[in-house]
There are 2 protein chains.
Amino acid sequence: MKSVEAITSLAETFRVLGDPTRIRIAFALSREELCVCDIANLLGVSQSAVSHSLRTLRQMKLVRFRKEGKIAYYALDDDHIAELLEVGFGHVEEKR
Amino acid sequence: MKSVEAITSLAETFRVLGDPTRIRIAFALSREELCVCDIANLLGVSQSAVSHSLRTLRQMKLVRFRKEGKIAYYALDDDHIAELLEVGFGHVEEKR
DNA sequence: CGCTTACATGAACACACGTTCATATATCGT
DNA sequence: ACGATATATGAACGTGTGTTCATGTAAGCG
């Protein structure tokens, strides 16, 4: 039996990925490291909204970033995240 | 590149699993088929809340059910769901 | 038949959430 | 030093969401 905290934390993770903007960001980052403004341009979302979304993703340790001068490069925090996305895609594609 | 619909649908799936009650239900169902009142007792949640949650899970085809007399037995719709939960647990347990 | 049990559902309320807007900080170019 | 660029963040506003409460339907039981 899994602990209550693990289940709560898992729900949190899914909830964070359960937003169109955030999952699009995660999916973009699964292909390559990107800076904030590139993400914003790529998705057609305001820089502010991207920053807020990245903050949420960061808090759940789904993404990490490194700062190079004034530019912040974001990437998925580890391979589990990409795996989670792929298993998820497997599900939605089967159901279509 | 994944289609916009696939990403939207994936976000929906994660959103639905991103609720404590619903993910607890999904986790319980990953072990065995259960009827509504058993789920309610198991989680300590009202029957009404469980029914509403199951409806949401059903709409995303995450669970299926069969009716036997007046009792409705619910189960995960397919093995992908359990896999999704396990990959998710792998992530949260690594991050702790 | 009533009565109980199992489940579903609509309305409503309180709360959470994502975006925008305004603004702050820090770095780069000139 | 000054303006432009890159990013972060707080407040606020509209919207979405989960629960409860009340009620409905349908099956089993005496």
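The values are calculated or read from the model by the stated rules, or taken from the named source; none is laboratory data. No experiment lies behind these values; they were computed from the predicted model shown. Cβ placement follows ideal geometry from the backbone for every residue including glycine, while neighbour counts extend to all protein chains displayed. We work out accessible area using only protein heavy atoms, side chains counted, and drop any ligands, DNA or RNA first. Shrake-Rupley method; radii C 1.70, N 1.55, O 1.52, S 1.80 Å.
Only residues that are of a type in the set (S, T, N, Q) and in contact with a Cys (Cβ under 8 Å, 6 or more places away or on another chain): list them for the stretch B:16-73, please. Please lay out each step first, then the result.
As a first pass, look at the stretch B:16-73 and keep what is of a type in the set (S, T, N, Q): B:21, B:30, B:41, B:46-48, B:51, B:53, B:56, B:59.
The one that is of a type in the set (S, T, N, Q) and in contact with a Cys (Cβ under 8 Å, 6 or more places away or on another chain): B:Q47.
Name the one entry in B:L17, B:L43, B:L34, B:L29 that is open to solvent by less than 40 Å² (accessible area, probe 1.4 Å) and under 30 Å from A:I25 (Cα atoms).
B:L17
Quickly run through the stretch A:13-23 and pick out the residues that are within 17 Å of A:D78 (Cα to Cα) and not aromatic (F, W, Y). Before you say what the answer is, go through the steps one by one.
Here is the first cut: in the stretch A:13-23, the residues within 17 Å of A:D78 (Cα to Cα) are A:13-14, A:16-17, A:22-23.
The answer is A:T13, A:V16, A:L17, A:R22, A:I23.
For the stretch A:46-64, how many residues are open to solvent by 100 Å² or more (accessible area, probe 1.4 Å) and within 29 Å of A:A6 (Cα to Cα)?
From the stretch A:46-64, those open to solvent by 100 Å² or more (accessible area, probe 1.4 Å) are A:47, A:52, A:55, A:59, A:61, A:64; that's our starting set.
Among the residues that remain, those that are also within 29 Å of A:A6 (Cα to Cα) are: A:52, A:55, A:59, A:61, A:64.
Summing the residues that are open to solvent by 100 Å² or more (accessible area, probe 1.4 Å) and within 29 Å of A:A6 (Cα to Cα) in the stretch A:46-64 gives 5.
So which residues in the stretch B:1-14 are closer than 19 Å to A:T8 by Cα and either open to solvent by 10 Å² or more (accessible area, probe 1.4 Å) or modelled with pLDDT under 95 (or both), if there are any at all?
Of everything in the stretch B:1-14, just one residue is closer than 19 Å to A:T8 by Cα and either open to solvent by 10 Å² or more (accessible area, probe 1.4 Å) or modelled with pLDDT under 95 (or both), namely B:E12.
Report, by residue number, each residue of the stretch A:70-86 that is at pLDDT 95 or above and either near DNA strand D (Cβ under 8 Å from one of its atoms) or open to solvent by less than 60 Å² (accessible area, probe 1.4 Å) (or both).
Within the stretch A:70-86, A:K70, A:I71, A:A72, A:Y73, A:Y74, A:A75, A:L76, A:D77, A:I81, A:A82, A:L84, A:L85 qualify.
If I ask for residues that are facing chain B (nearest Cβ under 7 Å) and over 13 Å from the mean Cα position of the chain (by Cα), which ones from the stretch A:68-94 would you list?
A:V87, A:G88, A:F89, A:G90, A:H91, A:V92, A:E93, A:E94
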